[in-house]
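Worksheet: one structure, shown below.
Just so you know, all these numbers are worked out from the coordinates, no wet-lab data involved. Just so it is clear, the structure is predicted and the values come from calculations on it, not from any experiment. A quick note on method: Cβ atoms are made from the backbone with ideal geometry, for glycine too, and the neighbour counts reach across all protein chains shown.
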Amino acid sequence: MRNRARTATFDGMITSVYWQVRRFARRFWVRVTLISCLAILAAVLSPLSHFLPFSLKAEIDEESLDDLLSILTNSMLTVTTFSLSIMVSSHLAADGNATPRAHRLLREDGRTQTVIATFIGAFIYALTMTVMLNLGFFEQDNYGMIYLVTVGVLALLVVAMLRWVAHLAGLGSIEATIGRVEESAIASLKARCAYPFLGARPLSEAEIPEDAAVFHSKRFGYIQNIDTNRLNECASDWATRIFVSVSPGDWVGAGDPLGQVDLETLDEEQENAIYAAIAIGDQQDYDQDAIFSLVVLAEIAERALSPGINDPRTGIDVVSRLTRMIGEMPPERPIDPPTAPAVYCPPLDMRQMLLSTLDPIARDGRAFVEVQIAVQKAYALLSRHRDPDLAEAAVALSARALSYAREGIPVIEDLQRLAAVAPADYLAETTASEPSRRVSSLLGDERQMNIERSDG
């Protein structure tokens with residue numbers, strides 16, 4: 001357990017400062033600005049042209065440098081416009097065919113942003129250098145280094161174009177979108193596994209005093225990030241403990257309780273310090289919310305199972321990916337020693353993870369026997385998981401899936417196949433007055449089945 005604490009990745013220890021830096025770096029204009037700053041670098045390095053071989057300095061004049069910059073200026077504007085149109089079209093396709101949440105993830109894709117930022121940055125570089133050249137900022141002896149920097153920009157463009165061509169092969173497709181969302185989900189789950197309970201102690205081990213002061217949310221929104229290290233610093237300064245009752249991804253309203261502090265009262269300064277460690281925003285965030293990426297995957301499967309698309313194989317593909325990722329998660333155990341020993345956080349809700357992913361697929365795929373079989377096989381595998389809460393939830397939700405199938409699959413033989421792989425041997429209750437029915441009664445005689453359907 002100590003090794004796990006030492007090898008916890010920094011991605012898992014998402015402090016509020018690091019989280020803000022990551023969000024800032026994902027903005028498109030940041031990458032464009034970095035590439036454009038090569039013009040400043042070229043201007044700074046231009047005096048070093050005196051160290052170049054004399055033959056190279058003699059062959060580079062203003063005309064040759066201006067020709068090279070003109071090629072960059074004219075070509076990059078066209079390439080950038082074409083690339084942006086492709087990016088917008090592919091993202092709109094992903095929005096329509098997959099889910100709007102996947103579109104937001106694709107919009108922050110580092111590979112796409114880097115390539116297009118290279119194109120735009122090269123255009124701005126060439127334009128800036130042309131203006132500076134025409135205004136006489138450089139002497140004749142300084143053209144050599146500027147020419148070499150420009151050749152370096154051309155090399156970056158060649159690499160960017162090769163990456164762009166390879167990336168265009170699947171941009172906007174369902175398979176590529178699923179793969180991108182899965183990458184995000186794996187990263188979030190690995191971070192959570194490396195940093196269980198967000199580095200704090202389990203909330204279930206805490207004995208919360210009855211008179212503990214409650215701290216509340218100041219706005220409506222989703223919990224995006226909880227900086228337990230910062231909370232631990234607050235608790236250490238105040239010689240107390242902090243009990244967090246919310247998790248990343250929870251939606252809270254203004255005035256809702258976020259947790260308690262082992263103090264009789266909290267002054268305004270203390271409340272502000274705690275509130276600064278808990279980021280609340282209008283949208284769910286992929287970084288610390290381990291369930292959100294899985295939900296986005298499930299939404300892609302639900303869209304594929306809609307009558308307008310009717311693609312059960314995509315639903316089965318998503319079920320297999322979800323099963324693998326959830327099944328590979330170890331039971332959540334606190335690291336020893338915790339990185340935030342004075343803070344207590346709730347565990348990852350495994351039942352909610354299944355209820356938000358596989359259960360909607362079973363509901364929307366109730367008429368597809370192949371999808372129902374894939375879901376039941378997933379529940380059967382997860383029912384043997386080392387985490388008892390996850391295993392229990394898998395059996396309970398298997399019963400719900402059988403109830404969905406009862407309403408959507410008309411053939412008795414298909415229901416028999418389904419019951420053979422399901423870990424649950426009963427149906428979930430469909431109304432408050434109707435008791436649960438055994439699968440054996442479901443698979444009774446066909447006439448009784450038709451009577452029940454007509455009565456329903």
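Things worth noting here:
- Residues in the range 208-213 carry Karplus couplings, in order, of 7, x, 5, 9, 5, 6 Hz; the curve used is 6.51 cos²θ - 1.76 cosθ + 1.60 with θ = phi - 60°, and Gly or Pro positions show x.
- Separation of alpha-carbon centers, the range 366-395 and the range 284-311, rounded to whole Å: 18 Å
- Computing FRET efficiency as 1/(1 + (r/R0)^6) for Ala254 and Leu34, where r is the C-beta to C-beta distance and R0 is 56 Å, gives about 0.90.
- Extension gain, Ala420 to Glu207, is 72.2 nm, computed as 0.36 nm per intervening residue step minus the present C-alpha separation.
- Put a dot 7 Å past the Cα of Met161, heading toward its Cβ, do the same for Leu355, and the two dots end up 5.5 nm apart.
- Separation in nanometres of the label points that stand 7 Å from Cα toward Cβ, at Arg324 and Glu370: 1.9 nm
- Label sites at Val151 and Asp336, each approximated as a point 7 angstrom past Cα along Cα to Cβ, lie 6.2 nm apart.
- Modelled FRET efficiency - R0 30 Å, Ser75 with Glu108, Cβ distances, 0.05 increments: 0.65
- Of the GluC sites (Glu not before Pro) found in the range 165-226, the ones in coil according to DSSP and having at most 11 other Cβ atoms within 10 Å of their Cβ are Glu207, Glu210.
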